[in-house]
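The next block holds one structure in the form of structure tokens; read it before the comments.
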Amino acid sequence: MKKADRIYYGGDYNPDQWDDQTIEEDMRLFRKAGINLLTLPVFSWAKLEPEEGVYEFGWLDRILDKIWENGIHVCLATPTTAQPAWLSTRYPEVLPVDIAGRKRTHGMRVFFCVNSLKYRERAAAIAEEMAKRYAHHPALAMWHVSNEYGTYCYCPTCQAKFRQWLKRRYGTLEELNKRWHTTFWGRILTDFEEVTLPTELNDDYRFNPTIQLDYMRFVTDSTAECFLNEYQALKKYNPEIPIQTNMSGFIKKLDQFTMTKNLDMVGWDNYPWPDDPPYFVAMKHDIMRGLKGGASYVLTEQSPNQQNWQPYNLLKRPGEVRRLSYQAMAHGADTCLFFQMRQSIAGQEKFHGAIISHSGREDTRVFKESAALGAELAKIGDAFLEGRTPAKVGILFDWNNWWALELASGPSKDMDYLKTVSLYYETLFRQNIGVDILPYDADLTGYEMIVAPLFYMMKGDVADRVQVFVEKGGILVTTVMSGLADENDRCIYGAYPGPLKEMLGIWVEETDALRPYEKNTLRITEEGFLSRDTYDCGFLCDLIHPEGGAEVLATYGEDFYAGMPAVTRHRFGAGWAYYIGTQPEQAFLEELIEKICAGADLLPLYPADPGVELTHRVSPRARVVFAINHNKNDAVVDFGQEKLTDLITDRELTGKVTIGAGDVLVLTVQGR
């Protein structure tokens, strides 16, 4: 498959919005900024196919040739995220029905039913026409299918296909009734034709989590099919060109492990909110890297300045885009792409940041920063491309688990899977210990520690494989709300935490749900185990019995269950299984995880001041270290005896090195 020989730098460009003079000026500015890849024509279906089966590629031919004359590559997008008005009008079955049962009209982008046969027919047709024409164009670096999939539809086509999907999944009506436990509330089905989609018309999306869970799986499978429909059309004409689609930053909608199985590489759009801490952004990057087993991915979009769709769209501060860009690459991105190249004149995104602003000037802060970053990336070259990020710690992450937890009615409405996972991720991020985000079916061989927050759904053989991991000497850290349900969200009968209880050496009798303003305390049982004797906790509190032989590390300090275990550790085979039966304050988590890591010789990449993020990527060419100072003041990292070379400045570094406030170092380790 065609591989990049440089860090692709650039992003979304909409030349169909501009005249020839503007395009010519854009080419000059792109060269000056070091832009070497443009993504187009994402939203141009109506211009490429103004009538059904009538294609007008002349304008795109000219722009692609113009781009290539200027030494710029292309990420060529199928424009199928925005179907033409004629398609919606002539074939209204392509339009989605929303959760309230309303048939939508032509309008928004990504406003189509992924199961519409007519939509798929016309999408495949234009994809094939593009592939015939451009699959061997010298500028073509990769294909980009559609844009930010994620529309949920409740039309008759989806209802019919959902019934078929259920037949394939469960085989018989008896099995479906069993899996959905339809005896509850008298929901027994006597025919597959009685299955209805979970909508506002029946409130099943709120009050029948098992049906909603399967519907979300169905939407993911349907969307993956819709992507594959175009993927196959493109691959026929040049299988060497890699194909991706960009995933929205709102990643919960679709099971991305399923969505990305047929992608050649993962693509995603990184739009952090101004208050998102660096560890949260880093975790999302690690999730993306984990989707293809640790392979590098395409950062398809980020903003070179402010967004336009948040309630308060803060300007990116000087140096912020550079830090965000290098952070993405530090965690596995092989590209640095933006939305958008030139700021749109009108429409929803006219105030969205761009490398070239409405002024068209090259002396703006954003353009100068973009040009400086482009020069740095050109200097770095291909040093870390396809580089892996070695890790001895894995975090188990699963979309079905996420959905089921947050669909559950109880014990608390404040269930937030992504946030809870991030709290555990943060403890490792602050130590600069590398983390892999792992699906439930991942091979755990080679990891020293597995962290499984809110390990609720016992899907497949995951419980058995985690138990084997611990028996062979691994460390497991898991939490409240673990081991409770099967893949259909049926509670596992017997004492909690179900199939995990022997390994954890405990059983959980009850779980108290605290209101946001309520707290309990954790009392450390062994003097000096952590820096303090007591810590706060809240959210949920398991009432734990250590009958299986677990050692009690902390007990509750208040309420009728004061003195009962809250945090335990159990020797199981050659390994250790930790259970945190509540949500402790972050200081407790950080100290406990640091203590566990130190005991397992899981050490920071290098010693560094707080606020310095350190990662490394190992490619066939080099071991590249990234050091990002998120502080507003200078900070120090100690490289010890290692000798490193700064890929941007060519300086040779060793020992203690000062990194300026907000600065980034990209270094190769000498003698590797």
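The values are calculated or read from the model by the stated rules, or taken from the named source; none is laboratory data. Remember, it's a predicted structure, so these values are computed and weren't measured experimentally. Virtual Cβ from ideal backbone geometry, glycine too; neighbours counted across all protein chains shown. Side chains included, ligands, DNA and RNA excluded: accessible areas come from the protein's heavy atoms. Shrake-Rupley method; radii C 1.70, N 1.55, O 1.52, S 1.80 Å.
Here is how the numbers come out for the structure above:
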read-out: Sole exception among (1) buried (at least 20 other Cβ atoms within 10 Å of the Cβ); (2) hydroxyl-bearing (Ser, Thr, Tyr); (3) more than 20 Å from Lys379 (Cβ to Cβ) for Thr654, by number; value: (1)
read-out: Residues that are of a type in the set (A, V, I, L, M, F, W, C) and loosely packed, with under 13 Cβ neighbours inside 10 Å, drawn from region 47-84; value: Val54
read-out: Filter result for Asp436 (out of contact with any Pro (no Cβ under 7 Å at 6 or more places or on another chain), touching a residue at least 12 places away in the same chain (Cβ under 8 Å) and of a type outside the set (S, T, N, Q)); value: yes
read-out: Residue in region 614-634 that is of a type in the set (Gly, Ala, Ser) and open to solvent by 20 Å² or more (accessible area, probe 1.4 Å) present; value: no
read-out: Which numbered condition Val54 fails, given (1) of a type in the set (A, V, I, L, M); (2) more than 21 Å from His136 (Cα to Cα); (3) under 29 Å from the mean Cα position of the chain (by Cα); value: (3)
read-out: Number of positions in region 112-128 that are touching a residue at least 24 places away in the same chain (Cβ under 8 Å) and not in a loop (DSSP other than H, G, I, E, B); value: 11
read-out: Odd one out for Ala328, checked against (1) touching a His at 6+ places or on another chain (Cβ under 8 Å); (2) more than 28 Å from Leu605 (Cα to Cα); value: (2)
read-out: Qualifying residue in region 365-387 (condition: over 22 Å from Asn36 (Cβ atoms) and either in a loop (DSSP other than H, G, I, E, B) or open to solvent by less than 10 Å² (accessible area, probe 1.4 Å) (or both)); value: no
read-out: Any hit, region 557-564, residues being surrounded by fewer than 14 Cβ atoms within 10 Å (Cβ to Cβ), over 25 Å from Lys419 (Cα atoms), free of Cβ contacts under 8 Å to residues at least 60 places away in the same chain and among the hydrophobic types (A, V, I, L, M, F, W, C); value: yes
read-out: Residue check for Tyr312: open to solvent by less than 20 Å² (accessible area, probe 1.4 Å) and either at pLDDT below 95 or out of contact with any helix residue (DSSP H, G or I) (no Cβ under 8 Å at 6 or more places or on another chain) (or both); value: no
read-out: Matching entry among Ile63, Ile99 (being assigned to a loop (DSSP other than H, G, I, E, B) and on the phi < 0 side of the Ramachandran plot); value: Ile99
read-out: Contacts under 9 angstrom Cβ, first residue in region 466-489 being assigned to a helix (DSSP H, G or I), partner open to solvent by 10 Å² or more (accessible area, probe 1.4 Å) and of a type in the set (Ser, Thr, Tyr), 6 or more apart; value: Phe469/Thr445; Phe469/Tyr447
read-out: Residue satisfying condition, being modelled with pLDDT of 95 or more, of a type in the set (A, V, I, L, M, F, W, C), over 16 Å from Trp402 (Cβ atoms) and out of contact with any His (no Cβ under 6 Å at 6 or more places or on another chain), within set Phe469, Phe455; value: Phe469
read-out: Residue in region 568-583 that is at positive phi, small (Gly, Ala, Ser) and open to solvent by 50 Å² or more (accessible area, probe 1.4 Å) present; value: yes
read-out: Per-region count, region 164-176, residues within 16 Å of Asp489 (Cα to Cα) and open to solvent by 30 Å² or more (accessible area, probe 1.4 Å); value: 2
read-out: Criterion violated by Arg109 - all others in (1) part of a loop (DSSP other than H, G, I, E, B); (2) of a type in the set (Lys, Arg); (3) free of Cβ contacts under 8 Å to residues at least 24 places away in the same chain satisfied; value: (3)
read-out: Candidates Lys392, Lys419, filtered to the one that is under 17 Å from the mean Cα position of the chain (by Cα) and open to solvent by 30 Å² or more (accessible area, probe 1.4 Å); value: Lys419
read-out: Test set (1) part of a helix (DSSP H, G or I); (2) touching a strand residue (DSSP E or B) at 6+ places or on another chain (Cβ under 7 Å); (3) touching a residue at least 60 places away in the same chain (Cβ under 8 Å) - Val74 fails condition number; value: (1)
read-out: Neighbours by Cβ (under 6 Å, 6+ apart or cross-chain): first from region 654-670, without any contact (Cβ under 8 Å) to a residue 40 or more places away in the chain; second surrounded by 19 or more Cβ atoms within 10 Å (Cβ to Cβ); value: Thr654/Phe639; Val657/Val637
read-out: Answer from Leu603, Leu589, Leu647 - the residue that is more than 28 Å from the chain's Cα centre (by Cα) and either crowded, with 18+ Cβ neighbours inside 10 Å or under 30 Å from Val552 (Cα atoms) (or both); value: Leu647
